[in-house]
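Please read the structure below before turning to the comments.
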Amino acid sequence: LSMSYGEDWQRNEVIRLVEAMNKKNTHCLERKDEERRKRLGVCVTGQLSRLELESKIRRLISLNSEAYEIDMVFVLGTNTHFVNGETDAGGRAEWSAELIRKAVRHWAPRVARVVVDAGPQLERPYIELSYLQASDKPWLGKARIESHVRQWWSLLRCWKHFIHLACKRQAPYQTFVKLRDDAFLLAPIILKNMNIQDLIVLPECGNFAGYNDKWAFLDATLGRAYFAMPVFEYYTNYSSLNMHKGNPENLLKRVLIKHQAPVSAVSVDILPILTSRFRTNEISGQTFPQNITPASCFLFDQLKLGKEPHCWPSDCDRRRAIYCDRCTVKRQEWLRDHFLERDSEFNSEQKAATCTAECRHRPISITSFA
């Protein structure tokens, strides 16, 4: 599904939505001194066919459901084509809005509200010429820029849902989490153990001269800057951002600096999350809950993350899960073709990553919830 509206309508709609939410934000998200259970808003953006849900539920939602009243908002498109060929590899999941709600209720019954916004996306998002000309991947053309703009619209839609839920409950949020559809949690994340007061915590790696925009954990007072301002600044004040590289990471950094939002970029040991892809020929959404979430792989992360120590978890089990236990045969072939035969340094790192343990040919990270 898609919406076809011109540049003027898009800009005016962004302004209208942001102004309307600013008015509600004043009282609906204002923190109160009265004691009550803390509230957490989790925003998941991306595509239905790429959604990995099980690790998010098991390692974040369920573990924090006693300390927080949790609302989950999914803003997911129904696109069947991905601009970056790597992200279209390995098959697709067969989610629907109904199945997502059913899965969350099944795996995490204490979640307060589940909103699945799979509504139409813009067919032809406005392309800022200066952003296109500064693109760091010009060979991907306008399609990549349009994808970025849809991402920012999705963040705005998450913000709109959060404000509506806060007004409806007459209770503000304390914390927000933003995750991409393919975010795979390698280990439990306990929010009360994280220092996110007056901060936006995001990954140190994969920043591409900006701030990594794949996931973030933030104090709710900074929600407007993170969720609403990227698309607002893009449409209304782009020239003021002084962009030197056209990518979403650079835009996010410029926006957060402009709005004086404090940021802490941390290693994967603190935020143990990597992007994942589904394994070929294991895609089925017909037998919920056993096979609703296909096996996930980390087939492409070496090139994306690099070999810097802070990009890889130091924990032995987490490293073994990445190197050995996910899509083992394909991983060995891919490592051989891309690194091992010509890069002895990476070869040593890969061997050391097993932590002297034998690689087991079975997943150790995720088990069935049936």
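The values are calculated or read from the model by the stated rules, or taken from the named source; none is laboratory data. Remember, it's a predicted structure, so these values are computed and weren't measured experimentally. Neighbour counts are summed over all protein chains in view; Cβ atoms, including those assigned to glycine, are modelled from backbone coordinates with ideal geometry. Calculation scope for accessible area: heavy atoms of the full protein, side chains included, ligands and nucleic acids excluded. Shrake-Rupley method; radii C 1.70, N 1.55, O 1.52, S 1.80 Å.
One table, with the values for the structure above:
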item	result
Candidates 130, 147, 154 - the one that is hydroxyl-bearing (Ser, Thr, Tyr) and more than 17 Å from the chain's Cα centre (by Cα)	130
Residue list for region 186-202, filter: modelled with pLDDT under 95 and out of contact with any strand residue (DSSP E or B) (no Cβ under 7 Å at 6 or more places or on another chain)	187, 188, 192, 193, 195
Members of region 131-177 found to be in a helix (DSSP H, G or I) and at pLDDT below 90, listed by number	140, 169
Residue satisfying condition, being open to solvent by less than 10 Å² (accessible area, probe 1.4 Å) and over 14 Å from the mean Cα position of the chain (by Cα), within set 187, 183	187
Residue within region 223-231 that is modelled with pLDDT of 95 or more and not in a helix (DSSP H, G or I) present	no
Test result for residue 220, in contact with a Phe, Trp or Tyr (Cβ under 7 Å, 6 or more places away or on another chain), over 14 Å from residue 260 (Cα atoms) and either open to solvent by 20 Å² or more (accessible area, probe 1.4 Å) or in contact (Cβ under 8 Å) with a residue 40 or more places away in the chain (or both)	yes
Residue ID - farthest from residue 152 (Cα to Cα), chosen from residues in region 19-49 that are modelled with pLDDT under 95 and touching a helix residue (DSSP H, G or I) at 6+ places or on another chain (Cβ under 7 Å)	28
Flag if residue 203 is more than 25 Å from residue 25 (Cα to Cα) and of a type outside the set (Asp, Glu)	yes
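Residues are listed down the side, and each one gets a yes or a no for (1) surrounded by fewer than 19 Cβ atoms within 10 Å (Cβ to Cβ); (2) over 24 Å from residue 39 (Cβ atoms); (3) touching a strand residue (DSSP E or B) at 6+ places or on another chain (Cβ under 6 Å):
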site: 112; (1), (2), (3): yes, no, yes
site: 135; (1), (2), (3): yes, yes, yes
site: 143; (1), (2), (3): yes, yes, no
site: 163; (1), (2), (3): no, no, no
